[in-house]
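Here is the structure we will look at, set down as structure tokens.
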Amino acid sequence: MTASAQAFTGGFNAPVFDAQATFRAVLDAFARPGSIVPLTGRTDPPKPLPPLAADILCALADPETPVLLGTARGDSTVAADWLRFQTGAPATADPGAASFAVATDPAHLPALSQFAQGTAEYPDRSTTIIVPLARLTGGDPVTLSGPGIKGTRRFAPRGLSAGFWQQAAANHAQYPRGVDLIFVSADAIAALPRSTAIRTEGA
């Protein structure tokens, strides 16, 4: 299949049902930060866009929500064309203009502070960052607390860049402003809203 043809295939087979199922899983993940929520991929997007990241964008993105794919260079034309066909969402290379971003190379994710942070009046005008990882367990653990967590919850996704958790803690410190994060693996998702406090091991 040619690259141009890929842009028109691989979307939801049952758009209403698939979008609703994905949306419910995302809501569940945000309601219970750091919990692993199983989710079956329903799309077949072009690389480097992972299926569950594509599913989330197909459920949430629209023509009014610019999406950053990959790095700030915006390096995936075929994936951007696919997403535009499936959702109408335009691509952007500017982290500060992105409603959604997919960190297809999480080890080189731009600093969280570079993304849209929202404002005091409109904190929802911030970026939701989707971070694909090989596993949502087995990494360096952190302790989460806040809304949706009874007491504390341990969370240990694997494959994040050095210093990521310090950035995430600083992101929480400016609540209600700040970005929201969705971590995806091959078969599950987990969310980290800006309202969640983060404590690293030894802190």
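Taking the range 24-70 as the range and being in a helix (DSSP H, G or I) and in contact with a Pro (Cβ under 7 Å, 6 or more places away or on another chain) as the test, the residues that pass are Phe30, Pro51, Ala53, Ala54. Can Arg177 be described as outside any loop (DSSP other than H, G, I, E, B), open to solvent by 20 Å² or more (accessible area, probe 1.4 Å) and either under 18 Å from Ile36 (Cα atoms) or modelled with pLDDT of 95 or more (or both)? No.
Go through the residues of the range 106-128 one by one and say whether even a single one is assigned to a helix (DSSP H, G or I), surrounded by 13 or more Cβ atoms within 10 Å (Cβ to Cβ) and touching a strand residue (DSSP E or B) at 6+ places or on another chain (Cβ under 9 Å). Yes, there is a match, as at least one residue in the range 106-128 is assigned to a helix (DSSP H, G or I), surrounded by 13 or more Cβ atoms within 10 Å (Cβ to Cβ) and touching a strand residue (DSSP E or B) at 6+ places or on another chain (Cβ under 9 Å). Of the residues making up the range 129-159, those that are assigned to a loop (DSSP other than H, G, I, E, B) and open to solvent by less than 40 Å² (accessible area, probe 1.4 Å) are Leu133, Leu136, Gly139, Pro141, Gly146, Ile149, Ala156, Pro157.
Of the residues examined, Ala53 is one that is closer than 12 Å to Ile130 by Cβ and at pLDDT 95 or above. Within the range 59-81, the presence of a residue that is buried (at least 19 other Cβ atoms within 10 Å of the Cβ) and of a type in the set (D, E, K, R) is excluded.
The values are calculated or read from the model by the stated rules, or taken from the named source; none is laboratory data. Bear in mind that the values here come from a model prediction, so they are computed numbers and not experimental data. Neighbour counts are summed over all protein chains in view; Cβ atoms, including those assigned to glycine, are modelled from backbone coordinates with ideal geometry. Heads up: the accessible areas ignore ligands, DNA and RNA and are worked out on the full protein's heavy atoms, side chains in. Shrake-Rupley method; radii C 1.70, N 1.55, O 1.52, S 1.80 Å.
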